[in-house]
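Notes for the one structure printed next.
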Amino acid sequence: MKIYKPSNIASSQSISILAVASLVSGVAVGSSAAFISKFIYFIILFPLVMGFSTGATLGFIVKKTKIRNPMISLGMGLLGGIITYGSLMYGQYINFQQETEKVMLREYNISDKRQVEEQTNAILQQETGASGFVGFVKLSAKEGTTISRGSSKIKLNDTFSYLLWAVELGIVGFLAASIPFGAAGEPFNEDGNDWYGDKQWVGSVTEESKEELIRFLNTDDISGAAAILCLDSELAMPRIDVHIRSCPSAIGSDSVVTVSHVSTNAKKQVESKKLLEGLVTSEQRSQLVSRRSEETPKDGDIEKS
């Protein structure tokens, strides 16, 4: 069984589309979060949602444009994450400007926007030594970040505020990059010019037979692997599951075999960890599923990839 590796193919057009999507989705998600932050903002939770939203959008674009280069997808995802968090911060700067305009009008009857901007920059310059967006960031850090927990409140100083922002940026960047990175690394059939289809369960083995199964597959002894597969989909966990995927547009081409360790965690939730993924020929696929095809399909035999 050949180990599957992405072809790293990505057309210039698809890269351009992904780059534009990084910019547009980053600005849209970050600006939306900035608007909501005028009313409420949850530390860590908001960055999680922002990162997932940007990453999911870019992952969708990767799939639609058929990008098979994980590193390019990773880079564009990181760019999208930076733009997303940058848009949040700049959006909060816009909120600050709007609130300052209201205060100037209410307290000093100043309505001229240019005059308000000059006064605002003068205050920022006096307080932080910088004006504009940079001055706003420094002022926000200087004023500190307040974390509410029940009835108690914790106020972070400027150093911890910068650290918190760095952590949030890291969360957004990680999710925005990891999702398209994973999407680009998914098995793609070059002959059919399409992604492989849904996973089909072909059998399982006990945890004790894991090494034997992997040895059979790595040495192309597909008949040996098929012989030890149990066709009971309710085999007790922990166990080793084997799934296969084919490409609908290239029936006679290679198929993808995935070997996963399936177990339950402390919360009784089912967890799956991929152990091995590789390609088998159409003849090897027939060997692997020959016993399976003789059985009556059971519930759960097909699952989404």
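Just so it is clear, none of the values below were taken in a lab; they were calculated from the coordinates. Fair warning: this is a prediction, and the values are worked out from it, not measured in the lab. All Cβ positions, even for glycine, are placed from backbone atoms using ideal geometry, and neighbour counts span all protein chains on display.
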What would the Debye equation give as log₁₀ I(q)/I(0) for the stretch 8-186 at q = 0.16, 0.17, 0.19 Å⁻¹, counting only Cα atoms as equal point scatterers? -0.94, -1.01, -1.13
Over all Cα pairs of the stretch 189-303, the Kirkwood radius sets Rh, and Rg/Rh then becomes 0.96
Report ³J(HN,Hα) in whole Hz for each residue of the stretch 238-249, in order, from the Karplus equation J = 6.51 cos²θ - 1.76 cosθ + 1.60 where θ = phi - 60°; Gly and Pro get x. x, 8, 10, 9, 10, 10, 9, 10, 10, 9, x, 8
For the chain, take every pair of Cα atoms, bin their distances at 10 Å starting from 0, and report each bin as a whole percent. 6, 20, 22, 19, 14, 10, 6, 3, 0
Summing -39500 (n - 2.57) over the DSSP H runs of n ≥ 4 in the chain and dividing by its residue number, what mean residue ellipticity at 222 nm do you reach, to the nearest 500 deg cm²/dmol? -19000 deg cm²/dmol
The chain - charge dipole about Cα centre, Lys and Arg +1 at Cβ, Asp and Glu -1, debye rounded to 20: 780
For the stretch 95-140 and the stretch 207-234, what is the centre-to-centre distance using only Cα atoms, to the nearest Å? 69
Toy charge model, Lys and Arg Cβ at +1, Asp and Glu Cβ at -1: the stretch 189-303 dipole around Cα centroid in debye, rounded to 20, equals 360
State the answer as a single residue: which of 217, 126, 276 lies farthest towards the positive end of the charge dipole of the chain, with beta carbon charges of +1 for Lys and Arg and -1 for Asp and Glu, about the Cα centre. 126
Using alpha carbons only, how many angstrom separate the centre of the stretch 240-261 from the centre of the stretch 1-56? 29
On a 0 to 90 degree scale, rounded to 10, what angle separates helix 12-36 from the longest Cα axis of the chain? 50
